[in-house]
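Taking it in order: structure first as structure tokens, then the write-up.
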Amino acid sequence: MGILSYRDKKERIVVGLMSGTSCDGVDAAVVRISGSGRDTELEVIHGSTFPYPADIRNYMLSLVSGDSCSLSAMSSLNFLLGEIFGASALKVIEESGVNLKDVDLIASHGHTLWHSPEKMFGTYPSTWQTGESAIIAERTGIMTVSDFRTADVAAGGQGAPLVPYVDYLLFADDSENRVAVNIGGIANITVLPAGAGKESVTAFDTGPGNMLIDYFAKVISNGEFDYDPDGKFASSGNVNEELLARFLTHPYFEKKPPKSTGREEFGERFFKILEGSGFKVPEMSAAPGGKYDHGGYGRVRSYRDISLKDMIATVTALTVETLSSSIKQYFIPDLLIASGGGIHNKTLMRFIRERLPGVKIVDTTHFGIHPDLKEAAAFAVLGNETIMGKPGNLPSATGASRPVILGKICGERAL
């Protein structure tokens, strides 16, 4: 089936694929979509998360740390992730019970290796999502849309966030002020005033989500955990207000929207803000052969006079403070719609409720979308918009000069 016959169908089956900044794995969602634009109707049929093997995840983390690496490593990773994404698509389709021949489209965000939409560290504005879509299309036999962000950057935008367009389609309400919050490795918000048109939607990355929390969870657990389970590590510590204030001096938090960020600013580079203050952060680098070296975890038990548990409590508070203060710039919402892995962190969510008292908070299950699959489902919607010939960005969110059709299409079925 080609593009024209895709458009003729009343309902389409689309697989959305997403890999976030935490490098946890591939989120895959099989969805049924009818319509497009404001007429979009979405049903999530099935979804799964397929974790990366530990050696591949650690290798990916080493490559996105901001250090130099070889072109051969980047090229190989692009094709390797293409294989992993293709296999994930086939597996989630099998799990869903949908016949492979009935799947009309795969929409793959890929994995972000680098996101620098403004001149940063002397570089030209750019963004790079990897996971070769030609491999995905070849392995599955299904038309595939990928590389969604570059068209927006070409039009002068940040290339992110893109999911707010979907938030607008699915969550905007005529009578309620709403905010959609996604807490992945990076946290972002979509501000949806009651009765808002597209031009009134504001959205941006607020700063770190789980990224710094995951870092210290790994340190505290000596590599046993990649995250803070239920927020138990943070709940056992105390927020250091002096350190939190120092963190909040990071220049990203002073920027006005549109803005977006990633591991480039809130990976290990972030801790340079502590230089000269007597703090030490253990190195987490790849050992020869791509294996991750956890050896340094046990050697650092505190940072100056701050325990590791106080550190994780403090970076958890940083996520909440930057998120809640960003929301309050606009209004206290009637409804906050939460998604992303961070919603499973009970301490983080408790902090949010304390900072936004009286706000009704639900997760996207309230709208029929599992919170761990929201972004995968969102890229399925964006892929549908691409094939339907409609722009998928919000210039009010990304700063692009105009709405543009996103993505690149490959596969024989595109003909």
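In the range 102-114, the condition of being among the β-branched types (Val, Ile, Thr) and over 23 Å from Gly340 (Cα atoms) is met by at least one residue. Of all the residues in the range 329-346, those that are touching a residue at least 12 places away in the same chain (Cβ under 8 Å) and either exposed (fewer than 15 other Cβ atoms within 10 Å of the Cβ) or of a type in the set (Gly, Ala, Ser) (or both) number 8.
When each of Glu354, Glu375 is tested for being buried (at least 20 other Cβ atoms within 10 Å of the Cβ) and part of a helix (DSSP H, G or I), the lone residue that passes is Glu375.
Of all residues in the range 32-55, those satisfying the criterion of being touching a Lys or Arg at 6+ places or on another chain (Cβ under 9 Å) and part of a strand (DSSP E or B) are Arg32, Ile33, Ser34, Glu41, Leu42, Glu43, Val44, Ile45, Ser48, Phe50, Pro51.
If you check Gly389, Gly383, which single one turns out to be in a helix (DSSP H, G or I), of a type outside the set (S, T, N, Q) and assigned by TED's automatic domain parsing to the domain that holds Val14? Walk me through it before giving the result.
On the way: Gly389 fails: in a helix (DSSP H, G or I).
Testing whether each residue is in a helix (DSSP H, G or I), of a type outside the set (S, T, N, Q) and assigned by TED's automatic domain parsing to the domain that holds Val14 leaves just Gly383.
Quickly run through the range 120-174 and pick out the residues that are assigned to a strand (DSSP E or B) and buried (at least 20 other Cβ atoms within 10 Å of the Cβ). It would help to see each step written out before you state the result.
Start the filter on the range 120-174 by keeping residues that are assigned to a strand (DSSP E or B), which leaves 126-130, 144-146.
The answer is Thr127, Gln129, Thr130, Thr144, Val145, Ser146.
Restricting the range 103-158 to residues that are touching a His at 6+ places or on another chain (Cβ under 7 Å) and of a type in the set (S, T, N, Q), which is nearest to Ser75 (Cα to Cα)?
Filtering the range 103-158 down to residues touching a His at 6+ places or on another chain (Cβ under 7 Å) leaves 127, 129-131, 148.
If we keep only those that are of a type in the set (S, T, N, Q) too, we end up with 127, 129-130.
Numbers: Thr127: 16, Gln129: 12, Thr130: 9 Å.
It comes out as Thr130.
Rundown of residues vs (1) within 19 Å of the chain's Cα centre (by Cα); (2) of a type in the set (A, V, I, L, M, F, W, C); (3) more than 26 Å from Met388 (Cα to Cα); (4) not assigned by TED's automatic domain parsing to the domain that holds Ile213, yes/no style:
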residue: Asp24; (1), (2), (3), (4): yes, no, yes, yes
residue: Val30; (1), (2), (3), (4): yes, yes, no, yes
residue: Ile45; (1), (2), (3), (4): no, yes, no, yes
residue: Met60; (1), (2), (3), (4): yes, yes, yes, yes
residue: Leu63; (1), (2), (3), (4): yes, yes, yes, yes
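Restricting the range 224-263 to residues that are surrounded by 20 or more Cβ atoms within 10 Å (Cβ to Cβ) and part of a helix (DSSP H, G or I), the residue that is nearest to the chain's Cα centre (by Cα) is Arg263. For the range 329-351, taking the residues that are in contact with a Ser or Thr (Cβ under 8 Å, 6 or more places away or on another chain) and part of a loop (DSSP other than H, G, I, E, B), the one that is nearest to Ser175 (Cα to Cα) is identified as Tyr330. Going through the range 11-31 one residue at a time, which ones are of a type in the set (S, T, N, Q) and in a strand (DSSP E or B)? Listed by number, the list holds a single entry, Ser19. Can you list residue pairs whose Cβ atoms sit under 7 Å apart, with the first residue in the range 95-111 being surrounded by fewer than 17 Cβ atoms within 10 Å (Cβ to Cβ) and the second being not in a loop (DSSP other than H, G, I, E, B) and not aliphatic (A, V, I, L, M)? Count only pairs 6 or more apart in sequence or on different chains. Between residues of the range 95-111 that are surrounded by fewer than 17 Cβ atoms within 10 Å (Cβ to Cβ) and residues that are not in a loop (DSSP other than H, G, I, E, B) and not aliphatic (A, V, I, L, M), the close pairs are Glu95/His46; Glu95/Ser48.
The values are calculated or read from the model by the stated rules, or taken from the named source; none is laboratory data. Quick caveat: nothing in here was measured; it's all calculated off a predicted structure. For neighbour counting, all protein chains shown are included, and Cβ atoms are generated from backbone atoms with ideal geometry for every residue, glycine included.
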